[in-house]
Amino acid sequence: MALPFEGIRVADFGWIFAVPHATAWLGALGAEVIRVESSVAPDLVRFLSGTDGTPGINRSGIFNSINFSRKSLALDLTKPEAREVALRLVRRSDIVTENYTVGNMKKFGLDYESIRALKPDLIMLSGTPLGQTGPYANTVGFGPTTQAFAGMCHLTGYPGDFPCGIGGTWPDFAVGTAMVFFILAALHHRDQTGEGQYLDLSMAETVTAMLPEAMMDYFLNWRDNGPIGNRDSAMAPHGVFPVRGDDRWIAIAIASDEEFGALCEVLGAPALAKETRFVKLASRLANVDDLERAVASRTREFDRDALVAELRARNLAAGPVYGPIDLMDDPALRESGMLIELNHPESGTRIVPGLPVGFSAMQPEYRPAPTIGADSEDVLGDLLGYSREEIARLRDDKIIV
């Protein structure tokens, strides 16, 4: 059965994480994604975390895990003839994606105004930290700065402590997922009207849109509550608690008085649920410091996974705090189909995360991340119509690098 995006071609000028994450999902669902890159100025992610401790431009485990299901065309866009090749690719594409600093695509003659003159029904998505227009348009940013500007760091952390991020690259993957949605909306619009369009995506605005409670509390109540750690304003206990062993933890979220009673029974402390300071949600919230200490003193006596199983058997919200090794060792993740094995030409067979969804009527097509420029000759010859002699000259002139 054909995948939903077969027949759709993406000229992908993205790098780092956000756009590659988006186009990997499109590629796995049938789109022909052609990544334009260069060994002269390679994506810095190609040099992160060399496989088995050996670095190399094609050996990054991080790069290879998020750049599956695409081709690689190596072009030095600083050279005019390379730009002509890129424009020829754009003419044959449905979508163009990029997340360079504002102005770079225009410098290469690949900005939306230039390319839509060649193909009016083209869809182009640009993802930048703070958008293409306005006083912050030229801002250079990465995950931590995007989180900070979006308001997330103000909400993340503990009361009275300094602002915290939640991991340097998290916004990129959330933004990449949003990019897929916006591209699909534009494709639907094109199907209905025949019109292409330009998608100007601000990464910071996308992250701010994912903070609905904080934003609405301010808009409706003029309140700024700031960070509350792992706690919740309507549940207690709500957080992570130590269990038996070194640096092992369980997450527990209790939504009602009845659930708290069940928790106390499992912990072997039924009397705790009858104490005046804990008997009702309001009193637990008012005495949350004492509550958390009382719960933690009992959870630390249990094996993590055994306690999770007991709490889940009582229909309580509980789960293990996993690290990467735990995730890989959990058979449920493999059975779900999210973890896939891909045989990379330099790194060998490796497990990478695929799409986090199971389709009942189709199977995504996963292919290993390309080595840099692996598909240059095929793209130039088969798709763009260059002869063997022309391709050889482009390589000799360092247009293909």
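Some notes on this structure:
- Single condition Pro42 does not satisfy, out of (1) farther than 28 Å from Val357 by Cβ; (2) touching a Gly at 6+ places or on another chain (Cβ under 6 Å); (3) not hydrophobic (A, V, I, L, M, F, W, C): (2)
Yes/no per residue for (1) more than 18 Å from Glu37 (Cα to Cα); (2) exposed (fewer than 14 other Cβ atoms within 10 Å of the Cβ):
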| site | (1), (2) |
| --- | --- |
| Thr349 | yes, yes |
| Val352 | yes, no |
| Phe359 | yes, yes |
| Ala374 | no, no |
| Gly381 | no, no |
| Leu384 | no, no |
| Ala392 | yes, yes |
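- Considering the stretch 125-149, and only residues there that are among the small types (Gly, Ala, Ser) and at pLDDT below 90, the residue that is least open to solvent (accessible area, probe 1.4 Å) turns out to be Gly143.
- Residue within the stretch 253-272 that is of a type in the set (D, E, K, R) and at pLDDT below 95 present: no
- Of the set (1) polar (S, T, N, Q); (2) at pLDDT 95 or above; (3) farther than 22 Å from Leu339 by Cα, all apply to Asn58 but (3).
- Unmet criterion (only one of (1) open to solvent by 20 Å² or more (accessible area, probe 1.4 Å); (2) farther than 30 Å from Gly131 by Cβ; (3) touching a residue at least 40 places away in the same chain (Cβ under 8 Å)) for Ala214: (2)
- Being more than 26 Å from Gly245 (Cα to Cα), out of contact with any strand residue (DSSP E or B) (no Cβ under 9 Å at 6 or more places or on another chain) and of a type in the set (Asp, Glu) is not true of Glu341.
- Only one entry in Val96, Val90 is buried (at least 19 other Cβ atoms within 10 Å of the Cβ), within 24 Å of Phe173 (Cβ to Cβ) and at pLDDT 95 or above, namely Val96.
- Among the residues of the stretch 333-347, those that are of a type outside the set (A, V, I, L, M, F, W, C) and open to solvent by less than 80 Å² (accessible area, probe 1.4 Å) comprise Ser336, Gly337, His344, Ser347.
- With respect to the conditions (1) under 30 Å from Leu125 (Cβ atoms); (2) open to solvent by less than 60 Å² (accessible area, probe 1.4 Å); (3) outside any strand (DSSP E or B), Leu199 lacks only one, and its number is (3).
- Tabulated pairs, the stretch 343-366, first among the aliphatic types (A, V, I, L, M), second surrounded by fewer than 16 Cβ atoms within 10 Å (Cβ to Cβ), C-beta under 6 angstrom, 6+ apart or interchain: Ile351/Leu339; Ile351/Glu341; Met362/Met1
- Single residue of Phe241, Phe302, Phe278, Phe260 found to be surrounded by 15 or more Cβ atoms within 10 Å (Cβ to Cβ), among the hydrophobic types (A, V, I, L, M, F, W, C), touching a residue at least 24 places away in the same chain (Cβ under 8 Å) and part of a loop (DSSP other than H, G, I, E, B): Phe302
- If you go through the stretch 145-194 and keep only what is of a type in the set (Asp, Glu), in a helix (DSSP H, G or I) and over 13 Å from the mean Cα position of the chain (by Cα), you end up with just Asp191.
- Condition broken by Pro42, with the remaining ones in (1) modelled with pLDDT of 95 or more; (2) over 24 Å from Lys398 (Cα atoms) satisfied: (2)
- Residue match in the stretch 317-329 (condition: among the small types (Gly, Ala, Ser), assigned to a helix (DSSP H, G or I) and in contact with a helix residue (DSSP H, G or I) (Cβ under 9 Å, 6 or more places away or on another chain)): no
- Selection within the stretch 198-212 - touching a Leu at 6+ places or on another chain (Cβ under 9 Å) and either more than 28 Å from Val140 (Cβ to Cβ) or among the polar types (S, T, N, Q) (or both): Ser202
- Of residues in the stretch 101-123 being farther than 17 Å from Glu84 by Cβ and free of Cβ contacts under 8 Å to residues at least 60 places away in the same chain, the one most open to solvent (accessible area, probe 1.4 Å): Glu113
The values are calculated or read from the model by the stated rules, or taken from the named source; none is laboratory data. Keep in mind it's a predicted model, so treat the numbers as computed, not measured. Positions of Cβ are generated from backbone atoms using ideal geometry, with glycine treated the same way; all protein chains shown enter the neighbour counts. Note: areas computed on protein heavy atoms with side chains; ligands, DNA, RNA excluded. Shrake-Rupley method; radii C 1.70, N 1.55, O 1.52, S 1.80 Å.
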